[in-house]
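These notes concern the structure reproduced below.
The values are calculated or read from the model by the stated rules, or taken from the named source; none is laboratory data. Since we're looking at a predicted model, the values are computed, not measured. Every residue, glycine among them, receives a Cβ derived from its backbone with ideal geometry; neighbour counts consider all protein chains shown. Keep in mind that these areas ignore ligands, DNA and RNA; they rest on the heavy atoms of the full protein, side chains included. Shrake-Rupley method; radii C 1.70, N 1.55, O 1.52, S 1.80 Å.
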Amino acid sequence: MTTSADPAPDLLPRPFRLDGRIALVTGAGRGLGFEMAKALAAAGAQVVINGRHAGRLQAAASALATATGRPVAIAPFDVADPAAGRAAIASIVAEQGRLDILVNNVGARDRRPLKDFAPGEVEALIATDLVGPMLLAREAAEHMAAHRHGRLITVTSIAAHIANRHDPVYTAAKAGLGGLMRALAVDYARLGITSNAIAPGMFATETNAGLVGDATFSAFVDIRVPLGRWGQPQEIGAAAVFLASDEASFVNGHVLVVDGGQSIRM
């Protein structure tokens with residue numbers, strides 16, 4: 001029985017479900033990409049994971065299927081190769097019928113002073129970290145527009161907001177991605193496509209295993225991060241699910257920072 005004090009049924013919170021949605025997550029063979037792919041699949045999406053190494057991807061897809069009870073497809077290609085990215089997205093649309101969610105997660109890092117980079121090395125990093133995601137977003141949006149629905153999600157970094165020493169190319173690329181998502185938020189909104197970013201802080205991924213095991217650096221994390229700890233990889237998944245869901249339908253051009261408060265600490 002409904003009383004005047006009960007909330008109206010159409011105002012009740014809806015679950016963050018992605019049933020029937022098709023998602024591509026780049027760089028999902030391990031780390032944060034793997035965890036975001038797992039969260040999207042657990043929420044009901046049909047997930048396709050990307051990486052450069054088919055063997056590693058197949059192992060990751062098997063692990064994801066076991067964890068979520070859902071089949072996970074693979075799309076091995078290098079995001080820095082525009083033709084390969086275009087072909088991969090066309091193949092996904094041909095096989096799945098559509099593409100609803102793109103999570104641009106791939107990122108390469110090379111911590112050196114700018115003076116130590118050869119021009120070709122700068123260009124290679126920018127191709128992977130900025131140009132590749134930009135062109136993939138363009139390709140995905142073309143297909144999303146046909147259905148008047150889409151979610152473009154790009155993983156940037158708190159490095160785009162608070163720079164560190166000897167990290168110029170990565171910092172510039174991640175800042176560029178933030179600008180890209182603001183621009184696409186304006187350009188694609190009337191096509192039913194939202195464009196947002198996730199900016200992770202320090203997470204205890206495989207890539208950071210050496211730092212996690214370093215007592216001195218972990219002591220720095222304890223001081224620098226208000227929560228006093230590393231982020232656990234699985235803590236990134238809910239951010240991706242939220243931005244991909246209908247519950248985020250009015251969130252557009254936003255950077256969701258997931259860093260335990262590091263970027264706002266003096």
Query raised in the report: Taking all protein chains as present, what is the carbon and sulfur share of the accessible area of the stretch 22-258, in % to the nearest whole number, probe 1.4 Å?
Result: 56
Query raised in the report: So which helices of the chain fit the span-like rule, where a helix is a whole DSSP H run, its Cα atoms reach 15 Å or more along the axis, and its mean Kyte-Doolittle is at least 0.0?
Result: 31-42, 54-68, 82-96, 132-147, 168-188
Query raised in the report: When the dipole is taken about the Cα centre of the chain, and only Lys, Arg (+1) and Asp, Glu (-1) are charged at their Cβ, what size is it in debye, to the nearest 20?
Result: 100
Query - Cut-off 14 Å between beta-carbons: net charge of the residues surrounding K174, Lys and Arg +1, Asp and Glu -1 - result: -1
**Report entry** Within the stretch 107-216: Cβ-based charge dipole about Cα centre, in debye rounded to nearest 20 (Lys, Arg +1; Asp, Glu -1)
**Finding:** 380
Requested in this report: Kindly rank 147-159, 53-65 from highest to lowest mean number of other beta carbons found within 10 Å of each residue.
Outcome: 147-159, 53-65
Query raised in the report: Summing Lys, Arg as +1 and Asp, Glu as -1, what charge do residues with Cβ under 14 Å from the Cβ of V106 carry, V106 excluded?
Result: +2
Query raised in the report: Just the accessible area per residue of the chain, please: how many Å² with a 1.4 Å probe?
Result: 48
Requested in this report: Evaluate the distance, in nm, between pseudo-label points positioned 7 Å from the Cα of A215 and of A84 along their respective Cα→Cβ axes.
Outcome: 4.3
Query raised in the report: Extension gain I223-D187, at 0.36 nm per residue separation less the Cα-Cα distance, in nm?
Result: 8.9 nm
Query raised in the report: Cα centroid distance between the stretch 181-217 and the stretch 78-107, in Å?
Result: 19
Query raised in the report: Lys/Arg Cβ at +1, Asp/Glu Cβ at -1, dipole of the stretch 22-258 taken about the Cα centre: which of V225, G55, A73 is farthest positive-ward?
Result: V225
